[in-house]
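Q: If you scroll down you'll find the structure; I have some questions about it.
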Amino acid sequence: MLLKIIIVIACVILVYIIWQWQELKKFARTDYEIKSGKVQREYKAAVLADLHGFQYGKDNARLLDTIRSGQPDLILIPGDMVVAGKVTPMRQR
């Protein structure tokens, strides 16, 4: 009985780890339109959040291509870009 419980717990942990790994591999681009009488012209902004130091393609190529395709006027970085530990800086292209 104890062995069955240990196997079930191990399976649950393994499924959780695989799910988390898959979640970290993807990101989403979502476009919003916000209107205000206070802003005289149209601006495009890219908001990068919760990346936690994960790379999206070699040298973050997928992430950078997605940002460039939106042609933002500014890039906002509210936080959670890196986690503790060794971080490899992104290279300028």
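The values are calculated or read from the model by the stated rules, or taken from the named source; none is laboratory data. Being a predicted model, the structure only gives us computed values, none of them experimental. FYI the Cβ positions are ideal-geometry reconstructions off the backbone, even for glycines, and counts take in every protein chain you see. Each accessible area value is taken on the protein alone, full model and side chains, heavy atoms only, with ligands, DNA and RNA left out. Shrake-Rupley method; radii C 1.70, N 1.55, O 1.52, S 1.80 Å.
Q: In square angstrom, rounded to the nearest 10, how much accessible surface does Ile18 have for a 1.4 Å probe?
A: Answer for Ile18: close to 90 Å² accessible.
Q: Suppose the chain between Arg62 and Tyr32 were pulled fully straight at 0.36 nm per residue; how much longer would it get relative to their current alpha carbon spacing?
A: Full extension of this stretch gives 8.7 nm more.
Q: OK, next. What are the lysines whose alpha-carbon lies under 21 Å from the alpha-carbon of Lys26, with same-chain residues fewer than 8 places away excluded?
A: By straight Cα distance, Lys26 reaches Lys58.
Q: Compute the distance in nm between two label points, each set 7 Å from the Cα along the Cα-to-Cβ direction, one at Ala10 and one at Tyr43.
A: 5.5 nm
Q: Please report, in debye to the nearest 20, how large the charge dipole of region 3-84 is about its Cα centre when each Lys and Arg carries +1 at its beta carbon and each Asp and Glu carries -1 there.
A: Dipole of region 3-84, to the nearest 20 debye: 120 debye.
Q: With every protein chain in place, what's the accessible area of Ser69 (1.4 Å probe, Å², nearest 10)?
A: 70 Å²
Q: A further question on this structure: Got a sec? What order do Tyr56, Tyr16 fall in by accessible area at 1.4 Å, biggest, i.e. largest, first?
A: Largest to smallest exposure gives the sequence Tyr16, Tyr56.
Q: Which aspartates and glutamates have a Cα lying under 16 Å from the Cα of Lys25, excluding residues fewer than 8 positions away in the same chain?
A: Straight-line reach from Lys25, under 16 Å: Asp50, Asp59, Asp65, Asp80.
Q: Moving to a separate point now. Give the ranking of Lys35, Lys25 by solvent-accessible surface, highest area first, calculated with a 1.4 Å probe.
A: Largest accessible area first, the list is Lys35, Lys25.
Q: Within region 1-86, report the GluC sites (Glu not before Pro) that DSSP leaves as loop and that have at most 11 other Cβ atoms within 10 Å.
A: Listed in order of number, the matching sites are Glu33, Glu42.
Q: Here's another thing I want to ask about it. On the full set of protein chains, 1.4 Å probe, figure out the accessible area of Arg41 and give it in Å² to the nearest 10.
A: Ignoring ligands and nucleic acids, Arg41 comes out at about 130 Å².
Q: A further question on this structure: Which lysines have a Cα lying under 21 Å from the Cα of Lys35, excluding residues fewer than 8 positions away in the same chain?
A: The qualifying lysines are Lys44.
Q: Leaving ligands, DNA and RNA out of it, rank Leu64, Leu2, Leu14 by accessible area with a 1.4 Å probe, largest first.
A: The ranking, largest first, comes out as Leu2, Leu14, Leu64.
Q: Might you tell me the accessible area per residue for region 1-69, computed with a 1.4 Å probe and given in Å²?
A: 89 Å²
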